[in-house]
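Here, each number is a calculation from the coordinates, and none is a lab measurement. The shown structure was predicted, so the numbers you read here are calculated from the model rather than taken from an experiment. Please note: Cβ atoms are built from the backbone with ideal geometry, for glycine as well, and neighbour counts cover all protein chains shown.
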Amino acid sequence: MKKMTWGIAVFAVLGISLMSSLHFFRSTANNSSPSLRRGMFEWQEERVKDRNDVNELIGKFQITDWYQELSVPVDRKTTAAFVSHLHQSEVKAYALVGETEWGYEADGASLIAYLEELVRYNTGVKPAERLDGVMVDVEPYTRSRWKEDPARHMETYVSGMIEAYRYAQKHDLIFIACIPRHYDDQGLTELLEILIRDGCDEVAVMDYDCGAEAEKLETEARFAEKYDKVLHCILEFQRVGKHGLTEDKTYRNKGLAAAEAAWNQVDQAFPSISIVHDYHWSKPLIEMMEEENE
């Protein structure tokens, strides 16, 4: 075998690096565990009817879980076709739901009423068309009244979530609680533990601290491990300035490689926990794909 000259070797290395950067959105299947779950948030209800980008998103980002906002009452025909399509791609389908005011109902009445609609839907369709569960994104902390008495309002929110979770359990719906990562920073650690212990099957944490995800998720990860719950690490990809997002809160400009590195750090920090890598959300990722193709 001929020896490669030093110059050629350097050129080859540079060439490999260039190709890696050009394939920014390449599949991560070769360096990911086959059991790794990756979730996609979808806030556009019309995606149920217009599935143009669904297959591409599933393929490029190795999606295993899809969180879809649905209109109420649920359109049985279109939803059944959409859920069936996801299941054929071996992707679980979850209803994405959440109204801020629901967090102020100790009995969880409004959330349970929504779950009842999902149960009616599941009862009326074939097994392959049934929703697997629900991603519950209720954000009571965004209301001005929250600041008046965070502990009391958190107690109300947790109570409502527990009631809704019990209903979901009775009807075979996986119940994922979507929360911000700052409840413990507000001195609400005890109630956060109760929520994770008694109010969900899985806990999904919206982590806006780019580069410090593992550190910020430590409390939630500890409780997830303690109570044998799945932990989701949600990363943001919306544009800087959207909803007040700053450069240090989103991976839009940092890119997918930086997000993957962040997820890998979380995996390494909590090796005994099942962790889902969640993308928030489809629209900015579609924009990023289009920009890459320009």
Quiz item: Which residue out of Ile234, Ile162, Ile196 is in contact with a His (Cβ under 8 Å, 6 or more places away or on another chain), in contact (Cβ under 8 Å) with a residue 24 or more places away in the chain and closer than 23 Å to Leu131 by Cα?
Solution: Ile234
Quiz item: Quick one: which of Tyr167, Tyr183 is farther than 30 Å from Thr246 by Cβ, touching a residue at least 24 places away in the same chain (Cβ under 8 Å), in contact with a Leu (Cβ under 8 Å, 6 or more places away or on another chain) and not acidic (Asp, Glu)?
Solution: Tyr167
Exercise. Those residues that are among the aliphatic types (A, V, I, L, M), under 22 Å from Glu193 (Cα atoms) and part of a helix (DSSP H, G or I), I need them from segment 113-156; list them, please.
Key: Ala151, Met154
Quiz item: Restricting to helices (runs of 4 or more DSSP H) lying wholly in segment 192-277: which have 2 or more residues that are under 20 Å from Leu57 (Cα atoms) and touching a strand residue (DSSP E or B) at 6+ places or on another chain (Cβ under 6 Å)?
Solution: 256-269
Quiz item: If Pro73 satisfies every condition in (1) surrounded by 14 or more Cβ atoms within 10 Å (Cβ to Cβ); (2) in contact (Cβ under 8 Å) with a residue 40 or more places away in the chain; (3) not aliphatic (A, V, I, L, M) but one, which is the exception?
Solution: (1)
Quiz item: If you go through segment 172-191, how many residues are in a loop (DSSP other than H, G, I, E, B), over 19 Å from the mean Cα position of the chain (by Cα) and under 28 Å from Tyr279 (Cβ atoms)?
Solution: 2
Quiz item: If you check Leu86, Leu111, Leu115, which single one turns out to be touching a residue at least 12 places away in the same chain (Cβ under 8 Å), in contact with a strand residue (DSSP E or B) (Cβ under 6 Å, 6 or more places away or on another chain) and within 25 Å of Asp278 (Cα to Cα)?
Solution: Leu86
Practice problem: Look through segment 80-103, keep the residues that are assigned to a strand (DSSP E or B) and among the aliphatic types (A, V, I, L, M), and return whichever of them is surrounded by the most Cβ atoms within 10 Å (Cβ to Cβ). | Solution: Ala95
